[in-house]
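Shown next, in structure tokens, is the structure this report addresses.
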Amino acid sequence: MDKKNLNDCFAHDGAMLTHEQALEKLTTGLVAITGTRSVALDDAVGEVLAKPVLAPRNIPAHTNSAVDGYGFCFADYDAQAGTTFPVTGMMAAGSPLEGIALPQSAIRIFTGAAVPDGFETVVMQEDVELVSTEDGEQVKIPAGLKRGANVRLAGEDVHEGATVLPPNRRLSPQDLAAIASTGTLGVECFRPLKVAIFSTGDEVIRPGTPFEHGKVYDSNAAMLRGLVVKAGALCDDLGVLPDDAQLIETALSKAAQAYDVLLTSGGVSVGELDFVLEALNKLGSLHLWKIAIKPGRPMSFGQINNCMMLGLPGNPVAAFLCFLLYAQPVLTILSGQKWQAPLRYKIRAGFSMSKKTGRREFLRGVLEYSEDGSLLVNKYARDGSGLISSLTQADGFIELGEYVVEIKHGELVDFIPFGSFGL
Ligand code: AMP
Ligand code: MG
């Protein structure tokens, strides 16, 4: 008889999809929603840009001084010996020239003021000596300045007509600075995705209600809502679905008409009470449901008309991980962004362990400094995928590939900080 380890619920991984296969199936052919609208610059952080932002003129528009100092024509200056010029004018930032800017003279100039034609070099005020004479003020400029010193050239940031920001990016506060520098007030962005979340299970009750024996408070709803909102989508929490095939079918089919994406947690394993799968099979199509990762499986992916459905596992740790690994790429692409694998870093393991081949494991990782000051990642002391406390104490996931069978203390491992997922 074929010996199976009955204590290992991952013993049947052979027929599953790998992580990469699952991700490819999920993301191939997925396209952004079509609607766009103009968003005011002030409200645009976190929005997804639908059209490029171009520079209508050079940025900066004028060659201007980078310092407070004195501007002069380099041709009039003796770079070996230095030169003394009369000060004949003044340029403050944003104001026209006061006085005159003639050859063989210098002008007082302040940071950000446009340099007059020909006055292409500026000396810092700290480096000059001022001399008062009967004919007015003179400035003694030391030797050694180069042509164009201390000025910022027109267009050195962005040339007229060039792309300031390409489309399909989620706008950061820095991006808003770049858009503002073009003078644009409204930017064309994708309408936000509409996501609904459901929890499932007769044992799941909502925080704020009295505790009952045998029940568990719904941790997934608040967590998933937070994850969806952080991903830039609108999110409605549609409550807990009981373990009842008909009620689940009715709720999913109604929600599918109003939302772009439905996210459920729980109820997708092969146990008797797993009706989400059944409902989804009736209403639309089911794309996959078993992935060779730990923790995580099972997970389903389906479609009801134009609405995508992702069925996450019920265990909060697995739901969290599967959201980040699979739901986040889907939401990213649907919302109009390009998806890129989260940044991972090689960090020395502060632990050793052996691992089963054939599945990818994501350990909760805790960063710490060793005595010599180098960074180590430790695995969270306990393993269970119901341990919500592990998520609040971890700094990210340690990712161990399918073929890894052993980790030795001090070896480099892949670490994905939660920050790589935008958390
Ligand atoms: P399931 O995938 O429905 O079999 O659930 C797996 C485990 O996760 C069970 O112990 C559930 O009680 C638990 N679980 C399911 N949904 C939630 C939830 N929303 N919050 C907390 N635990 C949950
Ligand atoms: Mg359940």
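Laboratory data are not the source of any read-out in this text; all were calculated from the coordinates shown. Keep in mind that what you see is a predicted model, and the values were worked out from it rather than measured. Glycine gets a Cβ as well: all are built from the backbone with ideal geometry, and neighbour counts include every protein chain shown.
Before moving on, here are some points about what is shown:
- Under-5 Å amide H pairs with GLY239, H placed in peptide plane, nonlocal only: SER199
- For LYS146, a cut-off of 15 angstrom between C-alpha atoms picks up these aspartates and glutamates, skipping any fewer than 8 places away in its own chain: ASP76, ASP78, GLU120, ASP127.
- The convex hull defined by the C-alpha atoms of the chain has an orientation-averaged projected area of 30.6 nm².
- With the highest mean first, a sort of the peptides 58-65, 207-214, 218-225 on other beta-carbon atoms found within 10 angstrom per residue produces 218-225, 58-65, 207-214.
- Entries of LYS254/LYS282; LYS294/LYS408; LYS290/LYS408; LYS294/LYS346; LYS51/LYS338; LYS355/LYS379 with Cα pairs more than 23 Å apart: LYS290/LYS408
- When the Cα positions of GLN303, PHE323, ALA279 are compared along the charge dipole of the range 277-347, PHE323 comes out farthest toward the positive end, with charges on each C-beta of Lys, Arg, Asp and Glu.
- The chain - percent relative contact order, Cα under 8 Å, separation 6 or more: 16 percent
- Sequentially through the range 408-422, phi angles give Karplus couplings (6.51, -1.76, 1.60; θ = phi - 60°) of 9, 3, x, 6, 7, 10, 7, 10, 10, x, 4, x, 5, 9, x Hz, Gly and Pro residues having no value and appearing as x.
- Computed 3J(HN,Hα) for the range 117-131, one whole-Hz value per residue from the Karplus formula 6.51 cos²θ - 1.76 cosθ + 1.60 where θ = phi - 60°, is 3, x, 8, 8, 10, 10, 9, 5, 4, 5, 9, 10, 10, 9, 10, glycine and proline marked x.
- Working from label points 7 Å from Cα in the Cα-to-Cβ sense, the LYS25 to ASP127 distance is 6.6 nm.
- Mean-position separation - Cα centroids, the range 162-228 and the range 18-53, in angstrom: 13 Å
- For GLU411, residues with placed amide H under 5 Å, excluding near neighbours: ALA349
- Our coupling estimate for the range 184-195, obtained by passing each phi through the Karplus curve with A = 6.51, B = -1.76, C = 1.60 and θ = phi - 60°, is 7, 9, x, 10, 7, 10, 5, 5, x, 5, 9, 10 Hz, Gly and Pro reported as x.
- The range 280-353-the range 66-110 distance, computed between alpha-carbon centres (Å): 63 Å
- Overall, the range 64-152 carries a charge dipole of about 320 debye about its Cα centre when +1 sits on the Cβ of Lys and Arg and -1 on the Cβ of Asp and Glu, all other atoms neutral.
- Candidate lysines for bridging to LYS140, where Cα separation is under 21 Å - those fewer than 8 sequence places away on the same chain excluded: none
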